[in-house]
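Student: Pasting a structure here, questions to come.
The values are calculated or read from the model by the stated rules, or taken from the named source; none is laboratory data. Every value quoted in this text rests on a predicted model; they were computed, and no experiment measured them. So basically every Cβ, Gly included, is an ideal-geometry build from the backbone, and we count neighbours across all protein chains shown.
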Amino acid sequence: MRKPLVLVGLVVIALVVAACTSADDAAPTTTQPTTTTSSTTTATTTVPATTTTPVAQARPGAADLGDSLYAGIGNGGYDVAHYDLNLVIEPDSDSIAGIVTIEATATQALSRFNLDLIGFEVERVTVDGDQAEFTRDDAELVITPNRDLASGSVFTTEIKYSGTHEPFRPEAFNGTETIGWTDGSDGTEYVISEPDASRSWFPVNDHPSDKATFTFSLTVPNDVIAIANGTNTSVVTDIGSDTWQWSMDEPMAPYLATVIVGDYEILTDDTGPVPIRNAFPAGYRVPSDVDLTNDIMDMFIELIGPYPFDEYGIAVVRGFGFALENQSLSVFGPELVFADVIVHELAHQWFGNAVTPADWGDIWLNEGFATYAEFLWTERQFGRDFIETQFRDIRNAINGNANFSPPGSPPANALFNGGVYIRGAMVLHALRLEVGDDAFFETLQTYYQRHRNGTVRTADFIAVAEEVSGGQLDDLFDAWLYEDDIPEFPSG
Ligand code: ARG
Ligand code: ZN
């Protein structure tokens, strides 16, 4: 009954992806002032002078984390542990009034530090309860606490801000798509942040290498509900408004944070291995493929390892044109609620969300794995030969097509081009054929287990694959990840 949708999907990808001009702007690495200390040594002594450890001098944190594709995102000098987003949301005026509280550890002695924030008016900033000076510099919020922060100290920053949310056009889509805080077609408000639009709705260290836990306190008019990542911990009703609290207790990359405000119903299902809470707009007819969620969940738990979070759900948003794997709550456009996409976004909870690339240049670690998961689901129903044929057919159809970048080196202005998806999946399939099923699935399991809740680079995956298989795999990965030409599949 089900027809293979991969090729259909590829046609869509090919149509959507604009010709990739190579935009290899290497991120400028911020040079930090070096502190020189004069050490006094006694000239007469015969004992070699020991250099005394210089007293760490506080200096500004970097304004940029040096992402290989995108300059300006993320900041150095601290590591965020927790975000509390307290937002009063007024859908009628498209405005937000927020207090964001950020708990972080200084990773150097800091005289000042940056957050990423675009738009809004910042009304007040405090650090450890004391008012701090701040300036706005383009997408940077530069904060000078009234005394230096010692390296290793835990500090709390509170930012009070307000204004209207504005659509954001990331370089990742070459300026052709707007994301950020968005109005759906039925009055729903929702947020899409991947890759770098978190900074368009809250002050943040907007880079996937700095994961943190999140709590949300969302005040909205009584006639709508507010949904966010994690578990609903309370709803407090007031005159005219309700405050919805949500808690994401596992570390989350900021791009996976989401808020949905609308006339929604939450449907729960506790019959499977993980509690499901799906959010649908009032009156929405739920497609039957949603009923596959528990089976798909079972498959991943069996093949990869335990589901990484406490609950899972999808949220359908009218007027949204794709799907995104927000942590524990994937968001779907109404046209995308079918098996392959349900499989894809669920797979991202393991690959992308629990195990997160530390650099956007490694996006194939998300999209290649989630796409491969679709093949694993297909294989369960149609058998191994079926996907072998699919892979070879697709390889032959797209080899030489510049819209499919080598998966390990996507262009900055077409981050989500077809190459990171289907060619990313081919990397995994080639590995499977090379090392055999046992070593392949053990590699996926070990990689997940070892890096769950953390961040990774491509080299971390290769290291696990080599460790498990006991072989040298550099040549295989180099050819499949970085060459323009797609190799022939090993015979297996
Ligand atoms: N990570 C999303 C996925 O599951 C894709 C995001 C693409 N974003 C977009 N605005 N087209 O594939
Ligand atoms: Zn994906």
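Student: Restricting to segment 122-152, count the residues that are under 29 Å from the mean Cα position of the chain (by Cα), assigned to a loop (DSSP other than H, G, I, E, B) and crowded, with 17+ Cβ neighbours inside 10 Å.
Tutor: Result for segment 122-152: 1.
Student: Tally up the residues in segment 364-403 that are more than 15 Å from ligand 1 (Cβ to nearest atom), of a type outside the set (S, T, N, Q) and closer than 21 Å to THR176 by Cβ, please.
Tutor: Going through segment 364-403 one residue at a time, the tally reaches 1.
Student: Tally time: how many residues in segment 168-191 are within 26 Å of PHE113 (Cα to Cα) and surrounded by fewer than 21 Cβ atoms within 10 Å (Cβ to Cβ)?
Tutor: Residues in segment 168-191 being within 26 Å of PHE113 (Cα to Cα) and surrounded by fewer than 21 Cβ atoms within 10 Å (Cβ to Cβ): 2 in total.
Student: Answer with yes or no whether ARG169 is under 21 Å from ALA97 (Cβ atoms), modelled with pLDDT of 95 or more, charged (D, E, K, R) and away from ligand 2 (no atom under 16 Å from the Cβ). Step through it out loud before you land on a result.
Tutor: Details: under 21 Å from ALA97 (Cβ atoms): no; modelled with pLDDT of 95 or more: yes; charged (D, E, K, R): yes; away from ligand 2 (no atom under 16 Å from the Cβ): yes.
For ARG169, the condition - under 21 Å from ALA97 (Cβ atoms), modelled with pLDDT of 95 or more, charged (D, E, K, R) and away from ligand 2 (no atom under 16 Å from the Cβ) - is not met.
Student: Run down GLU171, GLU177 and say which single residue is without any contact (Cβ under 8 Å) to a residue 60 or more places away in the chain and assigned by TED's automatic domain parsing to the domain that holds GLY240. Spell out how you get there, then give the answer.
Tutor: Values: GLU171 fails: without any contact (Cβ under 8 Å) to a residue 60 or more places away in the chain.
Only one candidate qualifies: GLU177.
Student: Report yes if some residue within segment 280-291 is hydroxyl-bearing (Ser, Thr, Tyr), over 22 Å from the mean Cα position of the chain (by Cα), assigned to a strand (DSSP E or B) and surrounded by fewer than 20 Cβ atoms within 10 Å (Cβ to Cβ); otherwise report no. Before the answer, list the steps.
Tutor: Within segment 280-291, the first condition is being hydroxyl-bearing (Ser, Thr, Tyr), and the residues that meet it are 284, 288.
Pick out the ones that are also over 22 Å from the mean Cα position of the chain (by Cα) and you get 284, 288.
Cutting the leftovers down to assigned to a strand (DSSP E or B) gives us none.
No - not one qualifying residue is present in segment 280-291.
Student: Then there's this: Which pairs turn up if I take residues in segment 372-401 that are closer than 15 Å to LEU303 by Cα and look for partners that are in a helix (DSSP H, G or I) and of a type in the set (Gly, Ala, Ser) with beta carbon separation below 6 Å, at least 6 apart in sequence or on another chain?
Tutor: Close Cβ pairs (under 6 Å, with a partner that is in a helix (DSSP H, G or I) and of a type in the set (Gly, Ala, Ser)) amount to TYR372/ALA425; ALA373/ALA347.
Student: For segment 400-411, does any single residue satisfy the condition of being in the same structural domain as PHE322 (by TED's automatic domain parsing), among the hydrophobic types (A, V, I, L, M, F, W, C), modelled with pLDDT of 95 or more and buried (at least 24 other Cβ atoms within 10 Å of the Cβ)?
Tutor: Within segment 400-411, the subset in the same structural domain as PHE322 (by TED's automatic domain parsing) is 400-411.
From what's left, among the hydrophobic types (A, V, I, L, M, F, W, C): 402, 404.
This time we only want the ones that are modelled with pLDDT of 95 or more, so: 402, 404.
Among the residues that remain, those that are also buried (at least 24 other Cβ atoms within 10 Å of the Cβ) are: 404.
Yes, the conditions are met somewhere in segment 400-411.
Student: While we're looking at this one, here's another question. Please state which one of ASP460, ASP474 is touching a residue at least 12 places away in the same chain (Cβ under 8 Å), in contact with a His (Cβ under 7 Å, 6 or more places away or on another chain) and not hydrophobic (A, V, I, L, M, F, W, C). Explain how you work it out, then say what you get.
Tutor: Numbers: ASP474 fails: in contact with a His (Cβ under 7 Å, 6 or more places away or on another chain).
Within the list ASP460, ASP474, the selection yields ASP460.
Conditions tested, residue by residue: (1) away from ligand 1 (no atom under 14 Å from the Cβ); (2) farther than 13 Å from GLU374 by Cα; (3) crowded, with 20+ Cβ neighbours inside 10 Å.
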{"site": "ILE301", "(1), (2), (3)": "yes, yes, no"}
{"site": "GLY305", "(1), (2), (3)": "yes, yes, no"}
{"site": "ASP310", "(1), (2), (3)": "yes, yes, no"}
{"site": "ALA323", "(1), (2), (3)": "no, yes, yes"}
{"site": "VAL337", "(1), (2), (3)": "no, yes, yes"}
{"site": "VAL341", "(1), (2), (3)": "no, no, yes"}
{"site": "GLY352", "(1), (2), (3)": "no, yes, yes"}
{"site": "THR356", "(1), (2), (3)": "no, yes, yes"}
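Student: Separate question: Give the residues of segment 176-193 that are among the small types (Gly, Ala, Ser) and within 15 Å of TYR264 (Cα to Cα), sorted by residue number.
Tutor: Quick first cut of segment 176-193, residues among the small types (Gly, Ala, Ser) only: 180, 184-185, 187, 193.
GLY184, SER185, GLY187 - these are the residues of segment 176-193 that are among the small types (Gly, Ala, Ser) and within 15 Å of TYR264 (Cα to Cα).
Student: Now for a different question. Would you please name the residue that is farthest from the chain's Cα centre (by Cα), looking only at residues in segment 317-362 that are within 14 Å of ligand 2 (Cβ to nearest atom) and of a type in the set (D, E, K, R)?
Tutor: ASP340
Student: On to the next question. Could you tell me whether segment 377-390 includes any residue that is farther than 30 Å from GLY175 by Cβ, of a type in the set (Gly, Ala, Ser) and assigned by TED's automatic domain parsing to the domain that holds VAL456?
Tutor: Applying the first criterion (farther than 30 Å from GLY175 by Cβ) to segment 377-390 yields 377-390.
Imposing the further condition that a residue be of a type in the set (Gly, Ala, Ser) reduces the set to 383.
Those left that are additionally assigned by TED's automatic domain parsing to the domain that holds VAL456: 383.
Looking for residues that are farther than 30 Å from GLY175 by Cβ, of a type in the set (Gly, Ala, Ser) and assigned by TED's automatic domain parsing to the domain that holds VAL456, one finds at least one in segment 377-390, hence yes.
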